[in-house]
Amino acid sequence: MTHPLVSVVIPAYNNDAYIRRTIESVLSQTYPTLEVIIADHASSDRTLEEVSNFANDERVTVLTTPSGGGALRNWNRVSSEAKGDYIKLVCGDDLLRPDIVAAQVAGLEENPSAVLAASRRSIVDAQDKTVINARGLAGLTGVVEGKQAVRRTVRAGTNIFGEPACVMMRRSVLEEVGLWDSRFPYLIDEATYVRVLLTGDLFAIGEPMASFRVSDSQWSVRLLREQSDQAVAFHEWLGREYPDVLSPRDIRHGNSGARRTARLRRLAYWTLGRRMSARAEIGERQSKAGSRR
């Protein structure tokens with residue numbers, strides 16, 4: 001197999017508790033031809049200092065993005081700097097299995113019709129402990145026709161492709177569709193995947209190869225209702241724009257699923273409680289240490 005250049009891009013923002021582990025998981029890939037581009041979006045914590053520790057690695061480029069513009073500004077900034085044939089965005093608190101890049105490149109190289117590769121993922125807490133294993137893809141494996149994959153994610157009422165760490169795309173196609181889509185801000189990843197998949201096929205890997213971190217700092221925890229409302233709006237927009245892809249029944253099914261998913265996530269986040277908080281864990285350790293003195 002040839003080894004085309006892969007760009008792993010990391011839009012960092014207030015991730016100082018996790019960013020080192022994220023970058024180490026990227027640099028530990030078995031795949032030999034990587035460039036790693038990290039852009040700090042005016043973090044108010046020590047994220048930029050943590051990132052700068054990796055600046056001497058010849059694979060790593062460190063950038064800064066001025067404040068403002070939300071996630072879209074930094075995601076597009078770091079993605080527009082990519083030079084690889086393939087691009088993989090990894091948020092600053094998620095983790096990669098060492099062989100994910102190699103597996104996804106192989107899938108895309110061997111299947112020229114595929115424009116996006118995705119794996120299942122594990123959900124971990126603030127201390128990297130697995131909370132839920134092997135989530136995502138709704139049973140899809142191998143090469144799946146893009147419109148079928150889009151229909152499946154809508155009917156599921158949730159993003160079956162997973163967070164960006166689970167996904168790799170052909171960079172040319174991502175650029176062709178205009179980079180990341182934030183018309184529905186809480187679906188910036190799923191909405192972009194859909195636009196990419198409307199141009200080609202999905203390559204689905206049925207094993208978990210990335211970890212998505214659940215923490216108390218995430219906007220998705222605090223704003224689940226707004227997230228589900230935007231999912232409904234996205235489904236309805238997609239149905240109007242692509243009536244050959246989605247039927248009214250698909251949309252109704254997906255809207256019901258989006259609201260149900262929001263309720264289940266709210267319950268899951270409430271149940272996890274302190275496991276979602278790195279600071280709470282640190283505080284508990286310090287308290288125990290103090291009681292021993």
Trypsin sites (Lys or Arg not before Pro) within the stretch 10-79: DSSP coil, no more than 15 neighbouring Cβ in 10 Å: Arg46, Arg59
Dipole of the chain, positive end: most advanced residue of Gly257, Ala82, Gly136 [Cβ charges, Cα centre]: Gly257
The chain: relative contact order in percent, alpha carbon pairs under 8 Å with at least 6 residues between: 20 percent
When the convex hull of its Cα atoms is projected in every direction, mean area for the stretch 19-65 (nm²): 3.2 nm²
Amide H partners (placed H, <5 Å) of Ala114, local residues excluded: Asp201
Amide N of the stretch 173-194 lying under 16 Å from the label point, which is placed 7 angstrom from the Cα of Asn111 along Cα→Cβ: 194
GluC sites (Glu not before Pro) within the stretch 1-91: DSSP coil, no more than 16 neighbouring Cβ in 10 Å: Glu58, Glu81
Volume per residue of the C-alpha convex hull in the stretch 6-281, rounded to whole Å³: 114 Å³
Charge dipole (debye, nearest 20) of the chain; +1 at Cβ of Lys and Arg, -1 at Cβ of Asp and Glu: 1420 debye
Volume of the Cα convex hull of the stretch 84-136, divided per residue and given in Å³: 94 Å³
Mean ellipticity per residue at 222 nm, deg cm²/dmol - from DSSP H runs of n ≥ 4 across the chain, formula -39500 (n - 2.57): -13000 deg cm²/dmol
D (Stokes-Einstein, µm²/s), Kirkwood Cα radius, the stretch 1-94, 0.890 mPa s at 25 °C: 187 µm²/s
Pair Glu175, Arg135: separation of 7 Å Cα→Cβ label points (nm): 3.4 nm
Added length on full extension, which subtracts the Cα-Cα distance from 0.36 nm per residue, Tyr242 to Gln148: 32.6 nm
Selection from Trp237, Pro208, Gln227 lying farthest towards where the dipole of the chain points positive, charges on Cβ: Gln227
Kyte-Doolittle at least -1.0, axis length at least 20 Å by Cα - qualifying DSSP helices, the chain: 224-241
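Just so you know, all these numbers are worked out from the coordinates, no wet-lab data involved. Computed from a predicted model, the values in this text were never measured in an experiment. Please note: Cβ atoms are built from the backbone with ideal geometry, for glycine as well, and neighbour counts cover all protein chains shown.
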